[in-house]
Amino acid sequence: MIAPIALAALAVLLAWPVPVLLARSRWPSRSPAAALVLWQAIAIAGGFSMIGALLTFGLAPFGPDPLTATVTLLMGEVDRIESWNALALCGAALLTGHLLLNLVLTVVRSERQRRRHEQLVRLLSSPLESGARLLDSPAPVAYCLPGALNTITVVSAGLIDLLDDSEMQAVIEHEKAHVTQRHDVVLVLFRAWQASLPWFPIAFRAQREVGMLVEMLADDAARRSVPDGVLARAIVLVGAGQDRPAVEPAAVEWGGEASITELSARLSRLERAPLPRPLESLVVVAAVALLAVPTVLLAVPVVAALL
């Protein structure tokens, strides 16, 4: 019973106190890449631990390890299944199916929205020499519409009129980073997590924090091409745009409908020093450890049984 207890304890920690502490911390803005890795580790390890705790508890009476217990159960060599064990096994199966189904539905829904949005963009915009699409709108808007085979970057006439060349370069580099780093994939995964557990406050919090981190990562890419002051002006000018159109969830946008708090966070971090490399490495090690704990608890007994 050590494995189910340990997995359940880890699941509880990753379901509430750990993500709450991370969301309240100030260091992620100094190292958004490391923080994003940690958020992903928390989500994966948390789901793995919840399923693993139910599975190992349900299989515990049927064998000394999950593999032997599964074989025993499938072979029908069990006289009677205790109600608690059967309930745990059903819970593991239902939770796994629920998470996978919501992931598939979220991906399909996002792809459908992306295609519809792409059709509208191609209908309502004109091509630019840079390969981007120009919307004839006075609102300062820029966003990328990522896809598996092609990606469309959209800018508005209002944005071009508002920004100078260096500020426009900051926006373009920001959008390129969204594309090359495939932030849309990360955002879809966390939207699926929130859709799977809508009653779970931390799932919404995680989605919001991850959305902010990908914006900061894109800002860091832009900082390698333009000075921080130029990027800050672009953030302020675009963020101050009024009556901006809503962007489909499949799009990763610049400015969009960001709140004053989010824009302030993006600006204030430009004045803060990056997290020291040793601390960044420690965060990555912690993320790897979170993934390793449930993996080891589930895999080691199976490997020992095979040997």
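Values quoted throughout were computed directly from the atomic coordinates according to the rules given, and no laboratory measurement underlies them. Remember, it's a predicted structure, so these values are computed and weren't measured experimentally. Note: ideal-geometry Cβ built from the backbone for every residue, glycine included; neighbour counts use all protein chains shown.
Give me the percent of Cα-Cα pairs in the chain that sit more than 26 Å apart, rounded to a whole number. The answer is 54 percent, as a whole percent. Principal axis extents of the C-alpha atoms in the stretch 1-44 (largest first, rounded to whole Å): 41, 17, 11.
Compared with the dominant principal axis of the Cα atoms in the chain, helix 228-239 is inclined by about 90°. Electrostatic bookkeeping for R269 treats Lys and Arg as +1 and Asp and Glu as -1; over the other residues with beta carbon under 12 Å from its beta carbon, the sum is -1.
In sequence order, what are the phi-derived ³J(HN,Hα) couplings for the stretch 42-48 according to the Karplus relation 6.51 cos²θ - 1.76 cosθ + 1.60 with θ = phi - 60°, rounded to whole Hz, with x for glycine and proline? Once θ is set to phi - 60°, the couplings for the stretch 42-48 become 4, 5, 5, 5, x, x, 4 Hz. Of S31, S126, S83, which has the largest mean-square fluctuation in a 10 Å C-alpha GNM of the chain? Comparing S31, S126, S83 in the GNM, the peak value goes to S83. Placing pseudo-labels 7 Å out from each Cα toward the beta carbon at D136 and V288 gives an inter-label distance of 5.5 nm.
Taking each DSSP H run with n ≥ 4 as -39500 (n - 2.57) and averaging over every residue of the chain yields -23000 deg cm²/dmol at 222 nm. Going from the residue with the fewest nearby Cβ atoms within 10 Å to the one with the most, L10, L306 rank L306, L10.
Axis angle, to the nearest 10 degrees, between helix 201-223 and the longest C-alpha principal axis of the chain: 40 degrees. Phi angles across the stretch 167-175 convert, under the Karplus curve 6.51 cos²θ - 1.76 cosθ + 1.60 with θ = phi - 60°, into 3J(HN,Hα) values of 5, 5, 5, 4, 5, 5, 5, 4, 5 Hz, Gly and Pro given as x. Neighbours of V283 by Cβ distance under 14 Å: Lys/Arg scored +1, Asp/Glu scored -1, total +2.
Both radii are taken from the alpha-carbon atoms of the stretch 111-275; with Rh as the Kirkwood radius, Rg/Rh is 0.95. The separation of the stretch 1-70 from the stretch 136-153, counted between C-alpha centres, amounts to 37 Å. Couplings for the stretch 144-160, taken from phi via the Karplus curve 6.51 cos²θ - 1.76 cosθ + 1.60 with θ = phi - 60°, read 10, 10, x, x, 5, 10, 8, 10, 10, 9, 10, 10, 9, 4, x, 5, 4 Hz in order; Gly and Pro are left as x. In the stretch 6-110, the inverse of the mean reciprocal separation of distinct Cα atoms equals 15.9 Å; this is its Kirkwood hydrodynamic radius.
Counting only DSSP beta bridges whose two residues both lie in the stretch 100-234, roughly 70 percent are antiparallel. Please build a GNM for the chain, connecting alpha carbons under 10 Å apart, and tell me which residue among E262, E82, E175 fluctuates the most. Maximum among the listed residues: E82.
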